[in-house]
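Following: one structure in C-alpha cells, then a few remarks.
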C-alpha cells in the first residue's frame, strides 16, 4: 500500500485528490495546521477514511519529523494562500507560505528520503501579463501579483532541486479548475450558488464584473488526476494542466441559469466597480504536453462542469431551506 501525504487536504483540490487516491488503494494522510477545523472542513465521505498529522509550512524540523514517521511515497502540496481578491494581501506571508515553504518541503525530502516523489500545485498566475496565447510550459513567466511571484519562485526551486539533487519533483501549472467544493469567493461558485438562490426565490439579482472576461475552466477532479499521473512517470517534469478552451463569464452565466430554466439576462447585472484590468492575451492553457506524455484528457466538459455545480448548489440550498 502506497502512502500519500496531502497538504491542504480540506480544500477543493486536496479533498478531490484524497478521494481519487483512496479509490486506488492508497493510505492517505492529510497535513494540517489545525486538525480540529480540518476535520470539520472535510467532505463527509472522507471523515474516518484518511489520517491527519500536524503540519506547519514554516517548520522545517516538524516537516522532517512527519516524513521520518510516515515515510510517504508521494507528497502533494496544496497548502497555500488562495488566488483571487487576496493575491495582494500580506505579500510577506504570501511569499513565505506559497514560495519559501516549498523549499522547506524539498529540504525535508532531501534530508529524510530523497526517493519521496513531490508534486507542487502551481498556477497560471505565473504567466501574468503574457502576450502569448495559449500558454505552454515554454511561455515566459511574467507574474503580476505577489501570489504569482511566490508560485514562480517555488517552480524555480523545484527545477533546481530536480537537477541538482535528482529529486522526483514537479510542478503542475494549473489553470482555473472548479467544482461544487469551490469556495464562494470565486466567480464560478458565486454564479452557481446565486443562480440556485434566485431559482428558489431567495435572491433576485447577481452583480458581476466584466461578463466578457475569458477563462479556461476545467473540473478539479480531472486536474488532480493529472497530478497523480505526473508522479507515476519515470522522469519528473512540469506540465500545464488546462482544457485548452476559452469561455466567457457570460457563457458561464448562460449555462448556469439555463440549467434552472432561467434567462441570465433577467438577473445578472454588470458592476463597473468589480471590473478587473483586462489581460493583454486570453488566459488559456495548452494541454498538448500533458496529453502526449501523460495520456491525460479532461473527462468533464465545460457544460457538464457548470451543470454539476448548479445541481449541487440547488440540492444543498433546497435541503437547508426546508
**OP:** Working carefully through the options 290, 256, 203, 281, find the one that is closer than 27 Å to residue 2 by Cβ and either in a helix (DSSP H, G or I) or more than 18 Å from the chain's Cα centre (by Cα) (or both).
**Re:** 290
Subject >> Qualifying residue in the range 26-48 (condition: more than 18 Å from residue 224 (Cα to Cα) and at pLDDT 95 or above) >> reply: no
Original post:
Counting just the residues of the range 212-230 that are crowded, with 17+ Cβ neighbours inside 10 Å and in a loop (DSSP other than H, G, I, E, B), which one comes out nearest to the chain's Cα centre (by Cα)?
Top reply: 217
Original post:
Of everything in the range 88-103 that's touching a helix residue (DSSP H, G or I) at 6+ places or on another chain (Cβ under 7 Å) and surrounded by fewer than 20 Cβ atoms within 10 Å (Cβ to Cβ), which residue is modelled with the highest pLDDT?
Top reply: 103
**OP:** Of the numbered conditions (1) touching a helix residue (DSSP H, G or I) at 6+ places or on another chain (Cβ under 6 Å); (2) more than 30 Å from residue 5 (Cβ to Cβ); (3) not in a helix (DSSP H, G or I), residue 180 fails exactly one; give the number of that condition.
**Re:** (2)
**OP:** For the range 231-256, name all the residues that are touching a residue at least 60 places away in the same chain (Cβ under 8 Å), closer than 26 Å to residue 24 by Cβ and surrounded by fewer than 24 Cβ atoms within 10 Å (Cβ to Cβ).
**Re:** 231, 233, 236, 237, 238
Original post:
Could you say whether any residue in the range 197-205 is in the same structural domain as residue 306 (by TED's automatic domain parsing) and crowded, with 19+ Cβ neighbours inside 10 Å?
Top reply: yes
Subject >> Check on residue 13, crowded, with 23+ Cβ neighbours inside 10 Å and either not assigned by TED's automatic domain parsing to the domain that holds residue 155 or not in a strand (DSSP E or B) (or both) >> reply: yes
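The values are calculated or read from the model by the stated rules, or taken from the named source; none is laboratory data. From a predicted model like this one, the values you see are computed outputs, not experimental measurements. Using ideal geometry, Cβ is built from the backbone for each residue, glycine included, and neighbour counts are taken over all protein chains shown.
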